[in-house]
Each structure stands twice: as structure tokens, then as C-alpha cells.
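Down below is the structure, laid out as C-alpha cells.
The values are calculated or read from the model by the stated rules, or taken from the named source; none is laboratory data. Bear in mind the structure is a predicted one, so any value in this text is a computation, not a measurement. Backbone-built Cβ (ideal geometry, glycine too); neighbour counts: all protein chains shown. Only protein heavy atoms, including side chains, enter the accessible area calculation; ligands, DNA and RNA are left aside. Shrake-Rupley method; radii C 1.70, N 1.55, O 1.52, S 1.80 Å.
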Amino acid sequence: MADRNSISHEELTEANRTANVKVYDFKRAQKRLSTEQLRVLKKIHESFAYRLSSTFSTLLRTITQVDVVSAEQVTYEDFIQTLPGSTVLAVLEAAGQEKRLALNFPPRMAFAMIDLLLGGKGTWENTETSTITPIETNVLKRVVEGVIQNLHKAWADILTLRLKSTSVETNPQFLQLVDPSDPVVVMTFTVSFGEMLERMQLCMPYALLEPFILKLSAHNLLVQSQEVKNNLDNDFIQERIEHLTVPVRVELGRAAISIEEFLGLSVNDVIQLDQLVDEPLSVKINEETKFLAFPGTKKSRMAIKIEQVVEGEEKNER
């Protein structure tokens, strides 16, 4: 066995070079989410995906399904290396903080969404390039804004961040959210509409989540799970109700006449109503009086001005 002192510097250098040794930063171990915390994040984003499915369906005018695939913690460098050389990355900035997130759309899905928003069939014929024009960027921002709104709702009980869309990048090498060795959490979703099935990714730096880590526990999730379910149900019902149409009728007054008088009516005959000129009119919703209003005009059209909301037993008195 060779004496350790007899090993030359050159031999040590060669041994270190040939050995498969990786440098490990022990500080990085302190900047990691636990398996439980990653599960909580995944659960939170399940409600986000549920809401986003409805938003995308309305926005794209086609049935869209969004599902959570995974929640992983990797370095930013590893995340960038998994992306193709050309993609569509929407950059989101947290207001009041110098921290950013990235939302990755595969070009095929991004341009199909743009095509739908512009009235097309949701196809992308030019597969040789993913260059996005300023007009297409502005159109895609409508999709990004929908994502942001639903992130705010899903994070409401855990993260207090206000996001805004700042830019769109097509080359991941030009986007530097954090240092390459810094940890990030990558949420992966599947998005399907028509014949399209692609993966969308949300990259969140650990530094952005760090102030809220204590809230990412299974205990907090169990306490809030019922509230989240109720909120989702309420949102679903409210969304359906808001798009319903109801008949609105303004009643000028009433009169009772006999059949004989009715058959004898002719042009210029006058029927006296039981409503006085200076009395408010009844505004009926589904045959039930809900408001009192006075008649008038607005921009040369007949209109009413609501003066009172009718509540309680008064509804049935008129």
C-alpha cells in the first residue's frame, strides 16, 4: 500500500479528474421543501386547475380540461435544461417584490390558443418556427391573465402574492429568474382541448415561497380543504347563475274591462289605468315585483330610473 505522502500532486489531480465526483452544497439542503409540503402545493394547484379549466373553456370557446401532473423541486438550471431550445415562456412578476415566476407553454399549444382567440380552429400549421409577434404576444396575454386570476384565488389562503404579466420569452437561455443553482418548484399540468394535449409548467423560485413555508403543512390543508371545496362549489354555481337570462318587465298600470268593452275597442280609444302619473312603476322579475322606478329616456330610448328596492311582503302587495 503506497504511503499517502508519497502520492504526487499530479496523481491526486488525475484521480480527482477521473473520479465521478459531484460538488454538493450543504446550504442547498436547507432550502428545500419537504415531501409533505410538495403534496400540499400539489393539492392547492388541483383547485387552481379546476378553476382554470372553466376559465380556458370560456376564453377559448371550447371545452378545455386542465389537470395537475406533478410538483417537483429541482435547480433552476435543471429546469431550463428540460425545455426545448425554442418555447413560449410568459414571465410573471410579484408586485412589491423583486421576484419572478415563469409559465411555460409548448409552442404548439400557445399558437393553437392564439388561433382560437383570433377566431380560428385552434391549429398551428407553421411548425418550423415559434417566433411570436407583438400582436400574438398581446393576444396570448389574455390566456396568461386568466392563469394569474386563478392563481390568486387558489393561493388566497396560503400565499399573498399579486402577480402581473411582464414579458414573453421564446429562448429559455435568455431568461434568468434566479441563479442556476437556486432551487425552484416546478408544477406540471396537462392541458387538453380539441385534439390538443400538451403540458404547461409553472416555475416558482424557492425564494418566492420561503416566507409562506410554515403555511404549507397538511394540518393547514385539512383545515382549509372543506372551505376550498365549498368555495369551488359556490364559484361553480355563481358562474352558472351569472350567465342566466331573466325577463324584466315594467308595469305601467292595470285595468279591468269586460269582454264586450274589449271587443269594442278601436284606434284612439283610451283605457284608464289604476296607476297615477306621479307614482313609481313596478319593475317585475319573473312576475315578481323587485323594484320601484320612474319612467324616462336615455339616449333617445325609453328607460327607467330605479328608486327603491322592494323587499319582504311588499313584493306581493303590488
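With all protein chains in place and a 1.4 Å probe, the accessible surface of the stretch 62-185 carries 47 percent carbon and sulfur.
Sorted largest first, the principal axis extents computed over the alpha-carbon atoms of the stretch 127-220 equal 48, 33, 23 Å.
Checking the cross-link pairs LYS121/LYS164; LYS153/LYS284; LYS164/LYS215; LYS164/LYS299 against a 27 Å limit on the alpha carbon distance flags LYS121/LYS164; LYS153/LYS284; LYS164/LYS299 as lying beyond it.
The ILE213 and LYS121 beta-carbon pair, evaluated with R₀ = 41 Å, returns a calculated FRET efficiency of approximately 0.35. How high is the relative contact order of the stretch 173-212, given as a whole-number percent (alpha carbon pairs under 8 Å, six or more residues apart)? Value for the stretch 173-212: 39 percent. Remark: the ILE135-ILE237 segment gains 33.2 nm on full extension, using 0.36 nm per residue and subtracting the alpha carbon distance. Accessible-area rank, largest first, for HIS152, HIS45: HIS152, HIS45, with all protein chains present and a 1.4 angstrom probe. For the stretch 237-298, the alpha-carbon coordinates run over 50, 27, 21 Å along the three principal axes, in decreasing order.
Each principal axis of the Cα atoms in the stretch 55-195 has its own extent, and those three values, largest first, are 40, 36, 28 angstrom. Using only Cα atoms, locate the centre of the stretch 43-112 and the centre of the stretch 145-216, then give the distance between them in Å, rounded to an integer. What the calculation gives is 6 Å, centre to centre. Calculated on the alpha-carbon coordinates, the convex hull of the stretch 106-168 measures out at 90 cubic angstrom per residue.
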